[in-house]
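As structure tokens, the structure follows; a few thoughts come after it.
The values are calculated or read from the model by the stated rules, or taken from the named source; none is laboratory data. All values reported here derive from a predicted model rather than from experimental measurement. In this analysis, Cβ positions are derived from the backbone assuming ideal geometry, glycine residues included, and neighbour counts consider all displayed protein chains. Only protein heavy atoms, including side chains, enter the accessible area calculation; ligands, DNA and RNA are left aside. Shrake-Rupley method; radii C 1.70, N 1.55, O 1.52, S 1.80 Å.
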Amino acid sequence: MLRALAAAGVFHEDDKKRFSLTPLGECLRSDAERPIAAYASFVGRPHQWQAWGSLSHSVRTGENAYRHVHGVGLWDYLVEHPEEAVIFDRAMTSGSRGVVEAIVSAYNFSAFGRVVDIGGGQGVMIAAVLAAHTNTHGILFDRPDVVARAQPVLEAAGVARRCAVVGGSFFETIPEGGDAYLLKYILHDWDDAASLAILAACRRVFRPEGRLLIMERIVGGPNDGLETKTSDLNMLVSPDGQERTADEFAALLANAGFRMERIIEVTPRLSIVEAAPI
């Protein structure tokens with residue numbers, strides 16, 4: 001196994017059959033600066049492998065393989081299996097640590113007095129925004145069982161006093177009073193109908209001067225962007241969503257009462273779609 005992984009670039013094998021980590025392998029350390037270990041653990045769970053084993057079902061029918069295999073969607077499965085939800089939350093939190101600094105550097109949040117992070121998990125994103133802008137307050141919004149585990153993250157960042165934690169469903173009621181609303185890696189988990197429901201809930205509480213910031217991958221042109229297009233397959237197989245092109249985002253936003261203002265590339269794998277209410 002070590003020898004094979006060395007050939008794949010995860011380890012380096014020297015002439016005395018000793019193995020050391022390469023930069024690629026370092027990412028699998030739990031204390032890595034840009035950690036991927038928690039996500040690797042999540043995608044290796046049996047319930048994920050089994051869904052991907054039915055990829056052909058999704059290819060033939062366009063239907064969600066996860067629901068086909070398990071009888072329920074990913075989100076319901078995680079509610080029914082809290083031990084798996086902990087693994088999922090850890091994967092999402094560690095994944096956020098790899099991109100939040102780039103987002104905060106790419107976008108100026110200082111004009112917003114209150115930022116609402118919708119579906120913000122355990123608070124890594126909103127903590128980074130508030131840590132960088134000490135005059136800004138925040139609201140972390142996600143399912144009650146998810147935000148219940150957010151306090152240590154907010155306290156570690158020194159922003160707990162400036163961040164309210166609210167539990168609920170983003171299909172129903174979004175917290176009011178925000179100047180900016182964040183949706184980081186949320187809409188790609190859902191099809192257009194569900195995404196429109198999320199955006200409609202946002203639109204009902206939007207101020208005329210408010211801004212919606214959607215942080216997602218943008219599907220590129222033909223023969224380009226392998227990582228985004230394989231992520232699109234993962235959305236189909238597991239959470240039953242999709243990655244979108246810039247035109248698809250514009251159309252989705254227009255149907256929900258928003259106007260796409262601009263797209264800011266944060267990294268080759270992540271962009272900020274900025275929108276305003278119509």
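Looking only at the stretch 1-52, count how many residues are loosely packed, with under 12 Cβ neighbours inside 10 Å and among the acidic types (Asp, Glu).
Number satisfying all stated conditions: 4.
Name every residue in the stretch 142-192 that is among the hydrophobic types (A, V, I, L, M, F, W, C) and free of Cβ contacts under 8 Å to residues at least 40 places away in the same chain, in order of residue number.
First, pick out the residues of the stretch 142-192 that are among the hydrophobic types (A, V, I, L, M, F, W, C): 146-148, 150, 153-154, 156-157, 159-160, 163-166, 170-171, 174, 180, 182-183, 186-187, 190.
If the condition is that a residue be among the hydrophobic types (A, V, I, L, M, F, W, C) and free of Cβ contacts under 8 Å to residues at least 40 places away in the same chain, then Val147, Ala148, Ala150, Leu154, Ala156, Ala157, Val159, Ala160, Ala164, Val166, Phe171 are the ones that fit.
Would you mind stating whether Ala102 is of a type outside the set (Phe, Trp, Tyr) and in contact (Cβ under 8 Å) with a residue 40 or more places away in the chain? Step through it out loud before you land on a result.
Numbers: of a type outside the set (Phe, Trp, Tyr): yes; in contact (Cβ under 8 Å) with a residue 40 or more places away in the chain: yes.
Taking the combined requirement at face value, the residue satisfies it.
Based on what the data block shows, is Asp224 at pLDDT below 95 and either open to solvent by less than 30 Å² (accessible area, probe 1.4 Å) or over 25 Å from Asp179 (Cα atoms) (or both)? Don't jump to the end; show me each part of the working.
Numbers: at pLDDT below 95: yes; either open to solvent by less than 30 Å² (accessible area, probe 1.4 Å) or over 25 Å from Asp179 (Cα atoms) (or both): yes.
Considered against the rule, which asks whether it is at pLDDT below 95 and either open to solvent by less than 30 Å² (accessible area, probe 1.4 Å) or over 25 Å from Asp179 (Cα atoms) (or both), Asp224 comes out as yes.
Is there a residue being of a type in the set (A, V, I, L, M) and either under 17 Å from the mean Cα position of the chain (by Cα) or open to solvent by 70 Å² or more (accessible area, probe 1.4 Å) (or both) anywhere in the stretch 88-96?
Yes.
Might you let me know whether the stretch 166-174 holds any residue that is open to solvent by less than 40 Å² (accessible area, probe 1.4 Å) and under 15 Å from the mean Cα position of the chain (by Cα)?
Checking the stretch 166-174: at least one residue is open to solvent by less than 40 Å² (accessible area, probe 1.4 Å) and under 15 Å from the mean Cα position of the chain (by Cα).
Hey, could you check the stretch 53-65 for residues that are part of a helix (DSSP H, G or I) and crowded, with 16+ Cβ neighbours inside 10 Å and say which is nearest to the chain's Cα centre (by Cα)? Spell out how you get there, then give the answer.
Kept after step one, since they are part of a helix (DSSP H, G or I), are these residues of the stretch 53-65: 55-61, 65.
Still in the list and also crowded, with 16+ Cβ neighbours inside 10 Å: 57-58, 65.
Working: His57: 25, Ser58: 22, Ala65: 20 Å.
Of everything passing the filter in the stretch 53-65, Ala65 is nearest to the chain's Cα centre (by Cα).
Going by the structure shown, is Gly241 part of a loop (DSSP other than H, G, I, E, B) and either touching a strand residue (DSSP E or B) at 6+ places or on another chain (Cβ under 6 Å) or open to solvent by less than 30 Å² (accessible area, probe 1.4 Å) (or both)?
On the way: part of a loop (DSSP other than H, G, I, E, B): yes; either touching a strand residue (DSSP E or B) at 6+ places or on another chain (Cβ under 6 Å) or open to solvent by less than 30 Å² (accessible area, probe 1.4 Å) (or both): yes.
Yes: the conditions hold for Gly241.
Within the stretch 141-154, identify whether any single residue is modelled with pLDDT of 95 or more, on the phi < 0 side of the Ramachandran plot, open to solvent by 70 Å² or more (accessible area, probe 1.4 Å) and more than 21 Å from the chain's Cα centre (by Cα), and answer yes or no.
no
Let me spell it out: the conditions are (1) in contact with a helix residue (DSSP H, G or I) (Cβ under 9 Å, 6 or more places away or on another chain); (2) surrounded by fewer than 19 Cβ atoms within 10 Å (Cβ to Cβ), and Arg217 meets all of them except one. Which number is the exception?
Just one mismatch for Arg217, condition (2).
Is at least one residue of the stretch 72-81 assigned to a helix (DSSP H, G or I), closer than 30 Å to Gln151 by Cβ and β-branched (Val, Ile, Thr)?
Checking the stretch 72-81: at least one residue is assigned to a helix (DSSP H, G or I), closer than 30 Å to Gln151 by Cβ and β-branched (Val, Ile, Thr).
Considering only residues that are open to solvent by less than 30 Å² (accessible area, probe 1.4 Å) and of a type in the set (D, E, K, R), look in the stretch 175-214 and name the one that is farthest from Arg149 (Cα to Cα).
As a first pass, look at the stretch 175-214 and keep what is open to solvent by less than 30 Å² (accessible area, probe 1.4 Å): 175, 177-178, 180-184, 186-189, 194-195, 198-199, 201-202, 205-206, 210, 212-214.
Next, only the ones that are of a type in the set (D, E, K, R) stay: 184, 189.
Numbers: Lys184: 18, Asp189: 21 Å.
Ranking the candidates gives Asp189 first.
Just to be sure I understand the filter: pairs with C-beta atoms under 8 Å, separated by 6 or more residues or on different chains, first member in the stretch 1-21 and in a loop (DSSP other than H, G, I, E, B), second member of a type in the set (A, V, I, L, M). Which pairs pass?
Gly9/Leu24; Val10/Leu21; Val10/Leu24; Val10/Leu28
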